[in-house]
Amino acid sequence: MKKHIKYISQLTVLFVLIFACSTERNTLINRSYHSLNARYNGNFNANELLKIALTDYQTNLKEDYYKLLPLEALPNEDEVKSMYSPIDTAIAKCTKVIQKHCMPSNDFI
């Protein structure tokens, strides 16, 4: 039984690698593959970079207990400048994902 499951999973991976790599064909398998790949690779990594940048900001934040404390501390314009490099990396990752996994659309024709 385990040999059958292993054989079927290997065939499925081979099938996906052969038929789901092209963005030229607009089929269900291709759309699903590229959507899955875009969501769980580039966008996930970009969101993680943004989360890390915000947590770094919040851990380095000096709170003034003589003022009203905010519920969620957000950086102002000067403090955002230290977060530019992670944000630029996140933008680059999302741009690469969009360029590699964008499917053709008939909406604009």
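Quick check on my filter: what residues within segment 69-87 are loosely packed, with under 13 Cβ neighbours inside 10 Å and not in a helix (DSSP H, G or I)?
Across segment 69-87, the qualifying residues are LEU69, PRO70, LEU71, GLU72, ALA73, LEU74, ASN76.
Among the residues of segment 12-58, write down those that are modelled with pLDDT under 75 and among the charged types (D, E, K, R).
Hits for segment 12-58 are GLU24, ARG25.
Quick one: TYR66 ticks every box in (1) assigned to a loop (DSSP other than H, G, I, E, B); (2) modelled with pLDDT under 85 bar one, so which box is it?
That leaves (2) as the condition not met.
Starting from segment 66-91, take each residue that is farther than 14 Å from ASP56 by Cβ and list its partners that are assigned to a loop (DSSP other than H, G, I, E, B) and of a type outside the set (A, V, I, L, M, F, W, C), counting only C-beta distances under 7 angstrom and pairs at least six apart or across chains.
Here the result reads LEU69/GLU63, each pair linking segment 66-91 to a residue that is assigned to a loop (DSSP other than H, G, I, E, B) and of a type outside the set (A, V, I, L, M, F, W, C).
The values are calculated or read from the model by the stated rules, or taken from the named source; none is laboratory data. Just so it is clear, the structure is predicted and the values come from calculations on it, not from any experiment. Cβ coordinates were reconstructed from backbone atoms using ideal geometry, including for glycine residues, and neighbour counts include every protein chain displayed.
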